[in-house]
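Have a look at the structure below before the remarks.
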Amino acid sequence: MPKSIKATIDRYNSNLWHFHVVIPQKFANQFIEGTNRRVVANINKTIQFQAALMPLGDGNYFININQQIRKKLKLNDGDEVLIELEKDESEFGLPMPEEFAVLLEQDLEGADEFFKLTPGKQRTLLYMIAKPKSADLRIRNGIGILNHLKKVKGKIDYKQLMLEIKNT
């Protein structure tokens with residue numbers, strides 16, 4: 001069952017992190033199991049997304065709020081939001097694109113390399129596959145990723161991967 005807290009949109013002065021909400025340690029600890037800090041977040045009962053509780057360094061945590069979510073909800077630095085969190089029980093921390101699930105069933109060698117990856121690398125690749133709206137592009141991305149994984153035996157070179165996807 002989701003639990004909620006009010007939080008304020010804040011901005012980092014950083015090239016890596018931008019907008020986020022701080023989640024107090026006491027509240028965040030309800031969702032953390034060992035190193036698993038994955039949650040399903042809902043902002044203002046409007047947009048739901050999967051995220052990680054990232055350590056802030058002072059015992060508290062934060063969740064990044066990307067530009068797409070901020071635009072959709074018209075959120076700016078300093079705005080107060082209602083954040084509902086629940087533990088993310090999904091296998092990968094992101095939805096498995098249907099097209100990629102089929103490719104994994106068809107390409108056992110590629111599937112083997114994919115399942116050997118760390119959960120974070122799996123999420124990165126699933127995000128890359130799911131991002132395009134077109135099923136054809138999702139299939140192309142999936143094929144390119146599986147081919148790359150087989151070629152490099154799981155040691156991903158993202159620059160090379162992007163070229164291989166483009167040429168698939």
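The values are calculated or read from the model by the stated rules, or taken from the named source; none is laboratory data. As the structure is a prediction and not an experimental result, all values here were calculated from the model. Here Cβ is always computed from backbone atoms with ideal geometry, including for glycine, and neighbour counts include all displayed protein chains.
Miscellaneous remarks
- Only residues that are outside any loop (DSSP other than H, G, I, E, B) and either closer than 22 Å to I32 by Cβ or free of Cβ contacts under 8 Å to residues at least 24 places away in the same chain (or both) were counted in the stretch 66-87, giving 9.
- With respect to being within 25 Å of N42 (Cβ to Cβ) and either in contact (Cβ under 8 Å) with a residue 12 or more places away in the chain or not in a loop (DSSP other than H, G, I, E, B) (or both), L125 falls outside the description.
- Residue match in the stretch 92-107 (condition: among the aromatic types (F, W, Y), outside the structural domain of I129 (by TED's automatic domain parsing), under 19 Å from R123 (Cα atoms) and part of a loop (DSSP other than H, G, I, E, B)): yes
- First in the stretch 23-36 and assigned by TED's automatic domain parsing to the domain that holds E80, second anywhere and surrounded by 11 or more Cβ atoms within 10 Å (Cβ to Cβ) and of a type in the set (S, T, Y), Cβ under 6 Å, 6 or more apart: I23/Y61; A28/Y61
- Count of residues meeting criterion [over 18 Å from the mean Cα position of the chain (by Cα) and crowded, with 17+ Cβ neighbours inside 10 Å] in the stretch 47-78: 1
- I5 being surrounded by 15 or more Cβ atoms within 10 Å (Cβ to Cβ), in contact (Cβ under 8 Å) with a residue 24 or more places away in the chain and under 20 Å from the mean Cα position of the chain (by Cα): no
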